[in-house]
Structures are given as structure tokens and as C-alpha cells.
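Here's the structure, in C-alpha cells; my notes come after.
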Amino acid sequence: MSELDQTDRRQFLQKSILGGLVITSTSEVTAEIDQGVKEAEVTQDVDVLVVGGGTAGNIAAIQAGRAGAKTLIVERGAQLGGTTTTGGVAFPGLFDAWGKQVIAGIGWELVKECVELDGGKFPNFAKVPQRHWQNQVYVNQFLFAILAEEKCEQAGVAIAYHEFPQSIQKTEKGWEVICLGFGTRRRVRCKQIIDCTGGAEVVGMLGLPRLREEETQPGSMLYNLEVANNPGHHQLHRLYVHGADSTNSRTVTRANLTGRKSVLEKVRKEKKRLMHLQPETGFRESFRIVGETMITVNDYTKGRLFEDAVSNAFYPVDLHTKGGVKPKPLKPGTVPTIPLSALIPKTSRNIMVAGRCVSSDRLANSGLRVQASCMGMGQAAGVAASLAVAQKTTPLEVPLEEIHRELKRHGAIVPGK
Ligand SMILES: Cc1cc2nc3c(=O)[nH]c(=O)nc-3n(C[C@H](O)[C@H](O)[C@H](O)COP(=O)(O)OP(=O)(O)OC[C@H]3O[C@@H](n4cnc5c(N)ncnc54)[C@H](O)[C@@H]3O)c2cc1C
């Protein structure tokens, strides 16, 4: 920049500030693409395909990548983190129970790094809180999404945003999945799939059984009126969107239109400034899989230690209805567990799920769906899928001790060990 340019710019900035306008600075970077932009058809061979890069999905992918599996995430949105970031539910819980940490691993590593980089605070896990939500960890949703991308890159995980699977075929070696995005048709050949779409959309495409309630829990649109968003330090306001459903582009569009319209009504009625609005509704419930094992509310509230448990979970039974929510805390000392077989659709091979679609009855699911538990499931699925690739077998046939050993090697807490 010439000296004259700099003087002009300084004068312009001064005028702008005096005029009440503050001009922000600009800087520049270059986005490089390794595949030609002219080709609409792409073919990719990977070991593990993770569909949905949300709360569970990005952890599953980082784990699979770190374990040496060639991994791709296909995510319909524009960033990682799902409900944690795009939904704005940036207060993951619960990593602790009854005075000690019960879920750790890659999810915790990401949360911890995010809080530290953001100058945030941690709850004291050694102290049992009066109300469960007091031990949720506040994260800066924007930083969280970028850190997740960085961890994917470091683990060699490829990311395909704005894409979703259109069709799936079984092949001799695994699967062929056609994914579509604007201007892109991607043929993915993979050995294992981890469905982390929230509502088990890939499992549904394969015609495997899923469960769904007549009335599902409401979603929420998160926003702030009058008060600026202070990410990592405050929760946003929530507007219940009844009927919000994450199943397809039509239902998601409908939920977003309904939520935003209602926020606009509030702005007009309350005569307050709209200071923050998430780009998408947060979805609490849609489909759950019917897995090799179904976690019942009895298993959950009794803290059943499943033989093939791969992760802990902890949260009250927490069902939102039209009448609101009355969380039912677990009895002191209870720590529910998640078996590997609840992540595997019944009679299937080489496809797993992780996240809120875990095989469970509705009430068990209302507690299991929270973020730390989803992250724990994601890591377990990432380990099982990558070991299955290495051993040329299916996740259920990988010896459990090897799954436990690998989980511990990557910092996870294995139930009962
Ligand atoms: C309003 C609200 C409040 C909540 N409060 C709490 C709380 O206080 N504490 C807590 O821990 N938990 C809370 N939860 C629960 C928790 O946030 C979610 O259950 C959890 O984040 C779900 O994780 P997931 O990985 O299953 O799904 P998500 O995080 O939703 O990720 C799914 C991802 O898959 C992508 N996707 C979907 N379909 C496709 C497709 N076909 N192709 C490609 N990508 C696809 C989505 O874009 C998304 O990124 C709350 C949830 C909501 C909605």
C-alpha cells in the first residue's frame, strides 16, 4: 500500500468513526482446491465414511482418522458441530457424574481446548452440583467449529460440506455411496459407514428399521433480543418450535421458517433489536434405530453395565413435551452405559450409528441424546469402524478387549474398567 493510500485510508477511517460508522479491517487468504473445479463428478475411495459432521460425527471421524483409517465426512451444512454449533446449543453436558469425570477422550479434548483458547471457565467436576445443568461446559460455538476442522485436518480426515448421500449400494468390498452437492456428484467407495445424521438417515435409506414417536419433542430456535451474544459465556434464548423435524430438506425448511417468523413477531411486539439468531433450528428428536441391543429406561435409570459397554452416559431423563420439561434426575451413584450393540442396526453389517439416534426407548433416549454422551458414542464408533477395516471384518466381530484398549489409548473412559 502506498503512503498516499495509507493517508487516504486513515482520513477515511477517521471520518467514518466521526460519522458514527466503524469500518472493520480486511485481510486476505487463498482457498485452494485440489480437485479441478470443472469436474462435477468425483470418485473417492476411503475406509470410513461418516455421514453428518455434528456432535457425534466429527468425533467419530477424528477418531477413525487418528486410528489410521482413510476417512471422509459428508455434511449437508456448512460447518462441523451440528447442534452444538449450527443449532447454537453450545453447552455440552455432561462429562461428569457424582464428583468425577465419566466421559473424556476426543470430545473432551475438543471442548477443553475450546474453553482454554477462549479464556472460558470449567465447572468443578469434583463438586456434585445442585442442578445437573450447572456442570455443563460453555463453549464458543464459532471457535468450536474451527477447532473441529483443525483436528480433522490433523487426523487426515477429508470434509465434504453441502453434500448428502443420494443412494447407497452394497458392494463386494463394502459400500458405494453417491453423494450430491451443488455442482458436485461424489461417488464414495468405502468399507464402513458411520451414520451420525441425528435421525439415522442413512439407516433409513437402507430400509433398516427405525422408531419414531407419534409426537416428537419440540426443536428450539436460539436467538437474542437486545443483548449481544457473548459466545462461550451465556446461553441464548430458546423458542420452542413444535413439530420441528430434521428428516429432510422440506421438514428442516418448515422448522426454520416457522422459528424465524416467530422471532420476527417478537421483535415487532417487544420493540427490541435482534442481536443474534442461529441459522438453523436445533432438533431434539426424530428417528432412532432398532439396534442389536435396545437401551430401555430401566437400563438407563438403573445404570446397567452392559457386557459390551463402550461409553458412559449421564443426564436426567429429560423429555420435552407441549407442557414443557421436568427433568428426572438419576439416583445418586447411577451412571448409565452405552453398549456397542446399541450403535449397530439389527441384522446389518458394516454400518453403525452414533448420536441421538442410538437404539433406545423414548425415555432412555431423552437422557442419552445429550452432547457428551453423543461424543462418547462417536469415539466408540470411530474405534470400532477403524479396527473393523484393519481386521477386514465387521464392527461386531472385532474383539471387545481390542476396542477397549484402543479407546483408552485415545483418552476415552471405558465403563467399569
Ligand atoms: C434446543 C436443544 C437444547 C439442548 N440442550 C442440551 C443441553 O443442555 N446439553 C446437552 O448436552 N445436550 C442438549 N441437547 C441435545 C444435544 O444437543 C443433541 O441431542 C446432540 O447434539 C445430537 O448430536 P448428534 O450428533 O446426534 O446430531 P447433530 O449434532 O444434530 O448432528 C447431525 C449432523 O448431521 C447433519 N446431517 C443430517 N442429515 C444429513 C444428511 N442426510 N447428509 C449429511 N449430513 C446430514 C446435520 O447437518 C448435522 O450437522 C439439546 C438439543 C436441543 C435441540
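The values are calculated or read from the model by the stated rules, or taken from the named source; none is laboratory data. This is a predicted model, so every value here is computed, not measured. Note that each Cβ is placed from the backbone with ideal geometry, even for glycine, and that neighbours are counted across all protein chains shown.
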Among the candidates 259, 243, 282, single out the residue that is more than 12 Å from the ligand (Cβ to nearest atom) and of a type in the set (Gly, Ala, Ser). 243
Restricting the first residue to the range 364-382 and requiring it to be over 27 Å from residue 46 (Cβ atoms), which pairs with a second residue that is in a helix (DSSP H, G or I) and within 11 Å of the ligand (Cβ to nearest atom) meet a Cβ separation below 7 Å and a spacing of at least six or different chains? 372/107
Test residue 147 against the stated conditions and say whether it is outside any loop (DSSP other than H, G, I, E, B), in contact with an Asp or Glu (Cβ under 8 Å, 6 or more places away or on another chain) and either within 12 Å of the ligand (Cβ to nearest atom) or within 29 Å of residue 325 (Cβ to Cβ) (or both). no
From 266, 328, 271, 322, which residue is surrounded by fewer than 19 Cβ atoms within 10 Å (Cβ to Cβ), of a type in the set (Lys, Arg) and in contact with a Lys or Arg (Cβ under 9 Å, 6 or more places away or on another chain)? 266
Hey, any hits in the range 274-285 for a residue that's over 18 Å from the mean Cα position of the chain (by Cα) and among the charged types (D, E, K, R)? no
How about the range 77-106: which of its residues are among the aliphatic types (A, V, I, L, M), out of contact with any strand residue (DSSP E or B) (no Cβ under 8 Å at 6 or more places or on another chain) and over 25 Å from residue 280 (Cβ atoms)? 104
Of everything in the range 80-132, what is among the aliphatic types (A, V, I, L, M) and part of a loop (DSSP other than H, G, I, E, B)? Give them in sequence order. 80, 89, 90, 94, 102, 103, 104, 126, 128
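Yes/no matrix, rows are residues, columns are (1) over 26 Å from residue 117 (Cβ atoms); (2) free of Cβ contacts under 8 Å to residues at least 40 places away in the same chain; (3) outside the structural domain of residue 56 (by TED's automatic domain parsing):
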| residue | (1), (2), (3) |
| --- | --- |
| 149 | no, no, no |
| 159 | no, no, no |
| 162 | yes, no, no |
| 169 | yes, yes, no |
| 178 | yes, yes, no |
Please find, among 198, 204, the residue that is buried (at least 19 other Cβ atoms within 10 Å of the Cβ), in a loop (DSSP other than H, G, I, E, B) and touching a residue at least 60 places away in the same chain (Cβ under 8 Å). 198
Residue ID - nearest to the ligand (Cβ to nearest atom), chosen from residues in the range 170-212 that are at pLDDT 95 or above and acidic (Asp, Glu): 201
